[in-house]
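Working notes, structure below.
Values quoted throughout were computed directly from the atomic coordinates according to the rules given, and no laboratory measurement underlies them. Computed from a predicted structure; not experimentally measured. Cβ atoms come from the backbone with ideal geometry, glycine included; neighbour counts cover every protein chain shown.
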Amino acid sequence: MHITRVFLPIQSWQLPRKGPNKECGVKKICFFLALLSIGFSNPVDINILVHNYTSIQDGEFVFNYEEGQDAVFSLSFTPKHLNVDNIELLWEFQHKKGGKVEKICTVVEKPLSFKDGVEFSGNFADEDVSITVHNISNSDSGYYICWVSDFNNMKIKKQPLLLKIDQEETENPDALKVNKGGVLFDTDSKVVFIVIVMCMIIIFVCTLISLVKRRETNKKEATDNGIL
């Protein structure tokens, strides 16, 4: 059996190629870049900066004030020039860890205070989220928590602060302490000491007078009886 081989020109069976489409290539590149921008885009995070703290103890920002003073918690947030219409501020108070948390101040469209003596003293236009607690007392000591929320980028930042109230050595500032012979006296103790000494002197004098009178009485009785 004889097999006859037939060879066709390549051009006769190969599919015709389309010419280059520049518009389709540009669209593909743009689509690829858009996917990259979505996959790698990361909204700018919010950071809260603490400015006038007294010290840092165990990683906590500590503010020390004396009773009766105005406590100022000076804070700001970054980055700058965010759209303040998308920023919301919340301040909370907790007297001690594990205790009840109460809302004391918010700023959404305008400042709103929920606790007497608490005032929003910042300015959103300057990225300032500070508050002032006026005429503080022992009940104001504890944790103040600042929350800054950016709803545009879905970012929330929390910053706790600790307020400690310094106690004076004496409740009565007029009670000045005087060191006498290694013993520490204050003016109140000195007055008590003087009163006690005077009472002892009076008792001693009265006892002495009583003894003298008794002696004179006994002497008179002895004379009347002819003993003396």
Full extension from I196 to T132: what is 0.36 nm times the residue separation minus their Cα-Cα distance, to one decimal in nm? 18.1 nm
Rg and Dmax of the stretch 47-166, Cα atoms only, in Å: 13.8, 41
As a footprinting exposure proxy, order S139, S149 by other Cβ within 10 Å, with the fewest listed first. S139, S149
Where Rh is the Kirkwood radius over the Cα pairs of the stretch 75-142, the temperature 10 °C and the viscosity 1.306 mPa s, what D in µm²/s does Stokes-Einstein return? 122 µm²/s
What's the exposure ranking of E60, E109, going from fewest to most Cβ atoms within 10 Å? E109, E60
Could you work out the local net charge near K100, counting Lys and Arg as +1, Asp and Glu as -1, over the other residues with Cβ closer than 14 Å to its Cβ? +2
Extension reserve of the I156-N52 stretch, reckoned as 0.36 nm per residue once the Cα distance is removed: 35.2 nm
Scattering profile of the stretch 47-91 from the Debye formula, Cα beads only, expressed as log10 I(q)/I(0) at q = 0.26 Å⁻¹, is -1.04
E102 and N83 label points (each 7 Å along its Cα→Cβ direction) are spaced in nm at 3.6 nm
Among I48, I202, which comes first, then next, by fewest other beta-carbon atoms within 10 Å? I202, I48
